[in-house]
Every structure is written in structure tokens, then in C-alpha cells.
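These notes concern the structure reproduced below.
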Amino acid sequence: MTDSYMRGIERARLWWMIDVAPALETHVPDLYPYIAAGLVGDGSDCFGFDDETSMDHDTDTRVKIWMPMGMGNEYMSERIKAAIGSTTKGSVEVGEVPAFYEKYTGLEFSPANWREWLAIPQKNLAAATNGEVFYDGPGRFTSRRKTLLGYYPHEVCLKLLEGDVLAMGQAGQYNYGRSLRRGENVAAALAKATFMEHALSAVFILNKTYMPFYKWAHRAVRPLPILGEYAWEALDAIATATDAVDRIEEFSEKIVEELHRAQLSSEPSTFLVHHAHVLREQIIEPELREENPWKL
């Protein structure tokens, strides 16, 4: 990315400060106290990952405005857009707070139990909590956001980690090398891909951060404090290696070390499948403990 490129979220913040917020305060002062505004949701610009390549589509500077339930109707939307009027430096989307979160979580309210948490794809939670909120008069949007940013309950983390280390062990440590030795190149490639996907997920969970959509997951892992830089470098090497057996084993050992450091496992084995069982036994909720980790 060149120095001349300004990311979408930076453009959105400036547009809000210089043009949009003053226009709304002046022309719809009755609505302004009820508004929340920012750039959160789908798109590389919401994650701060847009660059020159992104300019082949959806290059508008965007600001999203959220209203309380019942206030995001077409009439209110038209008033807001008319108030912004001829600034014409970007596009504005107007919606309601509950509808925004329901789009990503499938719930009218914040998740209240382990079933509701597990039903939400991790990439959806990443999209619902990314970006930046520039202003929130009533505080409703940021209140919901804060709940989701509080991350999964501990036992849900254990269950998700169980599934990740189980898949890493079976696909990467066991099936990948066997497939290579048999000359099953497609099976080996699929096993490697499965390992990498779950390795990324495990690192995100250890950092209590939601993993975004797959095309941004590798980029997003790098700044994470726990194994982030290592995962970024190691997975790039694994992806391009003709024979990644040793690198996969090294990565698996790093995960084991982190499980030990976090006191999530005392199992001495470096085979991750054994650690999956240890994680499972720490889950107190019987139904969650018995939930099939392969279905998560």
C-alpha cells in the first residue's frame, strides 16, 4: 500500500467530523441525539484492510448511521440523507440498532447462553464488532457492542478450542503426513488447509478475539499478542511448503506450550488430540461438554 492511499475508515471518520456530524446537528437537531454513527460490519474498509487493490469495487467513503428501534424507517432515513445533502463525499446507510445486530447474530438481543453463542459464526461476531463507532448519543449501539466484545463465556472458549485442537491434530499431525506418503496430493492439500484454518481459529481464541472471514484471517492474526507474529510467519511457510510436516509439528508444539502457559492443559503429549480431551473435561455444563466438537 502506498503512502498516498487513505483507508476507508480514516476517510469515513474525517467525513463524519467535517461534514456529516455538523450537517445533522444543524438540519435535524431533533434526531441527532438519537443517532449512532460509525463504520462497522461487512467490507475490508471496516477491518482497516482495504488497499489499492480494493479500489476495483465499492470504493465509496461510507458512514453508517443507526437509530433506535422504530426510528430507522424510510421517512427518518430520507430526513437524515437530505440533511447531509450535497456534501457528496461518500454514501450514508441508515438502519436500526437491533436490525444491525440481528443480521450478524440472528438474535434480537445479546446471546444469553452457550447455545446462542455457538450458533453465531465467529466471522459474524468479528464483523459485528470491527471498525469504529464515531458517535453514539443514546449509547444503545455501543452497549450491544460492548457485550459482544466481552467475548465468549469461558466454557464456550473451551469447547471451541477443543474442536480446533482436535482438528489440528487429526488433519495436520496425523492425516497430512500419511496422505503425502501415499501420494494423495489432494487429500494432503485438504488436510493442510484444515490444519491452517483451525490453527488460526485457535490463536484467535487464545487471544479472546473473533476470527474474521477467511480472506482476512491471516492478515488479522499478525498483531495479536499471543502467537500472532509467529502464526503469521509460520502459516505462510506452511501454505507454500511442498512438505510441511515439520512446520506443522512445530506449530502444534507452540499451541501445546500456550495451553500449558494458560493452564488449560497439563498433558505432556505434543499430539493435540490428547489435549482436546483435557479441554473437554474442564467443561462443567453437561450438555455443552457432550456437544460434538466436529459440528462446531
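Below is a table of values for the structure above.
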quantity	calculated
Selected residue [of a type in the set (A, V, I, L, M, F, W, C), part of a helix (DSSP H, G or I) and under 19 Å from the mean Cα position of the chain (by Cα)] from L158, L180	L158
Residue list for segment 103-148, filter: among the aromatic types (F, W, Y), more than 22 Å from V203 (Cα to Cα) and part of a helix (DSSP H, G or I)	Y104, F141
Any chance R79 is crowded, with 19+ Cβ neighbours inside 10 Å and either touching a residue at least 12 places away in the same chain (Cβ under 8 Å) or among the aromatic types (F, W, Y) (or both)	no
Residue, farthest from C46 (Cα to Cα), within segment 127-150, restricted to residues that are among the hydroxyl-bearing types (S, T, Y) and crowded, with 17+ Cβ neighbours inside 10 Å	Y135
From the options A241, A199, A237, residue that is in the same structural domain as R289 (by TED's automatic domain parsing), crowded, with 22+ Cβ neighbours inside 10 Å and not acidic (D, E)	A199
Members of segment 261-281 found to be hydroxyl-bearing (S, T, Y) and more than 17 Å from F251 (Cβ to Cβ), listed by number	S266
Residue identified as outside any helix (DSSP H, G or I) and among the aromatic types (F, W, Y) among Y151, Y174	Y151
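The values are calculated or read from the model by the stated rules, or taken from the named source; none is laboratory data. Being a predicted model, the structure only gives us computed values, none of them experimental. Here the Cβ is made from the backbone with ideal geometry for all residues, glycine too, and neighbour counts use every protein chain on show.
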